[in-house]
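In what follows, a structure is listed as structure tokens, so that the remarks can point back to it.
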Amino acid sequence: MPDLVPRREAIRLLQADRRQVERQLARLSSRQLTTAGVGGGEWSPKDLLGHLESWEEHALAALDAWSRGEPAPIDRVLRIDGLTRVNADGVSRKSSRSVAKALSSSTATHDALLAAIRAVDDEDWCAPPTQRARRALGERLGQMLTGSGGDFRHDRAHLGDLRTFGG
């Protein structure tokens with residue numbers, strides 16, 4: 001298992017990468033924010049924001065479950081539905097929201113995740129989340145919020161899509 005990202009570093013990465021996403025979104029017109037094509041795909045930048053928020057919601061639910069010694073709810077969903085379906089469902093659930101609602105909801109969820117991470121003490125941060133995970137060297141929070149740059153880099157993983165969109 002890769003080295004655990006220290007809690008303070010995780011917070012710093014989440015904040016810095018979100019600021020970059022916000023800067024990329026701010027350069028787009030209101031019409032572009034709802035136009036499909038991010039990464040050459042079907043998502044709009046607003047949909048991408050919903051995708052990022054969905055994974056932060058999964059992380060919050062995991063932290064809550066782990067505090068009770070239970071597995072993260074997303075573990076079961078991923079086993080049953082798979083990653084592609086989880087991502088599609090998350091975007092679909094949020095697709096009817098206005099840009100303003102998507103931005104405010106995403107910001108609130110991001111702030112809640114940062115607060116939840118701040119509330120975890122360093123000893124718990126370094127411990128595997130559940131007994132099962134202790135036996136299996138299971139997943140950690142950073143793996144839910146991961147990207148090509150490693151743990152807690154999910155926003156960064158999508159920055160290239162936003163940079164080239166509408167350019």
Legend entry - Among residues of segment 72-124, those that are in a helix (DSSP H, G or I), touching a residue at least 40 places away in the same chain (Cβ under 8 Å), exposed (fewer than 15 other Cβ atoms within 10 Å of the Cβ) and among the hydroxyl-bearing types (Ser, Thr, Tyr), counted: 0
Inset, instruction - May I ask you to verify whether LEU63 is touching a residue at least 24 places away in the same chain (Cβ under 8 Å), closer than 15 Å to ASP89 by Cα and of a type in the set (A, V, I, L, M)? - result: no
Inset, instruction - Restrict the check to segment 25-42 and report whether at least one residue is outside any helix (DSSP H, G or I), more than 30 Å from ASP121 (Cα to Cα), touching an Asp or Glu at 6+ places or on another chain (Cβ under 7 Å) and without any contact (Cβ under 8 Å) to a residue 12 or more places away in the chain. - result: yes
Inset, instruction - Tell me, yes or no, whether segment 118-129 has at least one residue that is farther than 25 Å from ALA10 by Cα and out of contact with any Lys or Arg (no Cβ under 7 Å at 6 or more places or on another chain). - result: no
Inset, instruction - From LEU137, LEU103, LEU113, LEU159, grab the single residue that is among the hydrophobic types (A, V, I, L, M, F, W, C) and modelled with pLDDT under 80. - result: LEU137
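The values are calculated or read from the model by the stated rules, or taken from the named source; none is laboratory data. On a predicted model such as this, the values are computed, not experimentally measured, just so you know. Please note: Cβ atoms are built from the backbone with ideal geometry, for glycine as well, and neighbour counts cover all protein chains shown.
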